[in-house]
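Heads up, the thing below is written out as structure tokens.
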Amino acid sequence: METARRRETLVDDPLTDIAAKVERGERLTYDDGVRLYHTTHVDKVFALANRVREQKNGNKAYYVINMHLNYSNICVDTCMFCAFGKRAGEAGAYEMDMAELMERASFLKDCGPAEVHIVGGLHPDLPYSYYMDMVRNIRAAYPNLHIKAFTAVEIHYLAKLTGKSVGDVLADMKAAGVHSIPGGGAEIFAERARKKICADKISADEWLDIHRQAHRMGFRTNSTMLAGHIETLEERVDHLMRLRALQDETKGFMALVPLVFHPDNTQLHKIPMMEPEEILLNIAVSRLMLDNFDHIKAYWIQVGPELSEKALSCGADDFDGTILEERITHMAGARSPKGLGENAICERIRKAGRVPVRRDCFYNELVNV
Ligand code: V47
């Protein structure tokens, strides 16, 4: 499968007019975004993104105490970029029962307002009650935990499974105790690429509409863009533009997580990982295009802890968190640690010249916890 790599299409573009627009706080266009991705003047893009990042978040770099709880990897979908999903009965397939879920969530019980990020595969036969009981039980046992649960893809699947509307599933999630919704499943919105790498998945419009509905019901959500597979640079800009348009409408997104494709154990294993400079550039362009987003994450699990430090000066303001128990990227060959301690995160942030600020899942700053 073809890849569209930046190094093949570089242009010596000093971006003078774009820099002036950023100075004036003017919105960048699709064409501006494409030029930012193609320029050889990457340091200029980093500096512009850093300027916007500092205007929005000063010298702060946010982090949260969190864990991922991947209740099952059994999945009926067949996304080419995924090493996590397995068929029922396949080697490595698993699902957690309630006792195991509760035991794992208990890791965070003494951590103050911490966050549990609950996502899994599209399981062919777990009942609807499994999902809602999981949320209800965790909420009852650990009331200090913020529950960020179920991507738009899972929400759509649960609606299909039960014959309920997406709105009803969202209402059930709210009643059970979900606080916010993660940004997974967006991948790349462009129909051309989506058809090739995740043909079974909900469409871009469906993903966006589920977030629209969630925002209208008062949920805050995150968003993602998976880069470094077969997408073109133009398709990345298109993705960012579609997120920006929905944010204009609802103001419900908190952050973008620019995800970095990891090829190992996937059907796209021949595609090399993005170079560090391109990873940083992708973060910087995201910062510049998403003028109506408050936060851009340096998701250190995928970016790597060291490069994430640098990303804090290229547009990112959020180091994500301690992330105990990450599986999706590690199954695809991530070499980052399986979790970082709070002190290690703060040290990294300070080394980057930023001030570490512990937050809750809504970016409220936590003091004395
Ligand atoms: O949707 C799957 C991606 C996502 C691979 O909302 C891969 O705060 C890289 O969405 N290489 C799940 N990426 C992770 C996610 C996320 C992570 C952290 C924070 C938040 C948030 C959301 O991981 C999937 C998919 O796009 N993914 N396989 C892979 N091989």
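Where both bridge residues fall in the chain, DSSP classifies roughly 5% of the beta bridges as antiparallel. The angle between the Cα long axis of helix 276-289 and the longest principal axis of the Cα atoms of the chain comes to about 90 degrees, rounded to the nearest 10.
For the chain, a crude dipole built from +1 on the beta carbon of Lys and Arg and -1 on the beta carbon of Asp and Glu, taken about the Cα centre, is about 460 debye to the nearest 20. Computed about its Cα centre, the charge dipole of the stretch 225-343 is approximately 220 debye, with only Lys, Arg, Asp and Glu carrying charge at their Cβ.
As a calculated quantity, the FRET efficiency between GLU234 and GLU306 at R0 = 25 Å, using C-beta atoms, amounts to about 0.25. Helix 166-176 against the longest principal axis of the chain: what's the angle in degrees, Cα atoms only, rounded to the nearest 10? Approximately 70 degrees, to the nearest ten. Subtracting the Cα-Cα distance of LEU366 and SER106 from their residue separation scaled by 0.36 nm leaves 91.5 nm. Computed packing ranks the peptides 239-246, 336-343 as 239-246, 336-343, most packed first, by mean other Cβ atoms within 10 Å. Selection among ALA114, CYS75, ILE18 by position relative to the dipole of the stretch 1-137 gives ILE18 as farthest towards the positive end (Cβ unit charges, Cα centre).
Only Cα pairs under 8 Å and 6+ residues apart enter the sum, and on that basis the relative contact order of the chain stands at 23 percent.
If only the Cβ of Lys and Arg carry +1 and only the Cβ of Asp and Glu carry -1, the dipole of the stretch 38-110 around its Cα centre is close to 580 debye. Quick one: among GLU309, GLU249, GLU235, which has the greatest mean-square fluctuation in a GNM of the chain with alpha-carbon springs under 10 angstrom? Per the Cα network of the chain with a 10 Å cutoff, GLU249 tops the list. Between HIS269 and ALA88, the distance separating the two model label sites (each 7 Å from Cα on the Cα→Cβ line) works out to 2.7 nm. The distance from the alpha carbon centre of the stretch 149-189 to that of the stretch 250-308 is 23 Å, rounded to a whole number.
Ranking ALA199, SER129, ALA171 by Cα position along the charge dipole of the chain, where only Lys, Arg, Asp and Glu carry charges on their C-beta atoms, puts ALA171 farthest toward the positive end. What do you get for the angle between helix 128-141 and the principal long axis of the chain? Use alpha-carbon atoms, 0 to 90 degrees, nearest ten. Between helix and principal axis, roughly 90 degrees.
Ordering HIS146, LEU48, ALA105 by the projection of their Cα atoms onto the charge dipole of the stretch 37-147, which places +1 on the Cβ of Lys and Arg and -1 on the Cβ of Asp and Glu, puts LEU48 at the extreme positive end.
Accessible surface of the chain, 1.4 Å probe: 51 percent of it comes from carbon and sulfur atoms. For the chain, the solvent-accessible area with a 1.4 angstrom probe is 38 square angstrom per residue.
The values are calculated or read from the model by the stated rules, or taken from the named source; none is laboratory data. Just so we're clear, the structure is a prediction, and the values are computed from it rather than from any experiment. Virtual Cβ from ideal backbone geometry, glycine too; neighbours counted across all protein chains shown. In case anyone asks, the SASA skips ligands and DNA or RNA and just uses the protein heavy atoms, side chains included. Shrake-Rupley method; radii C 1.70, N 1.55, O 1.52, S 1.80 Å.
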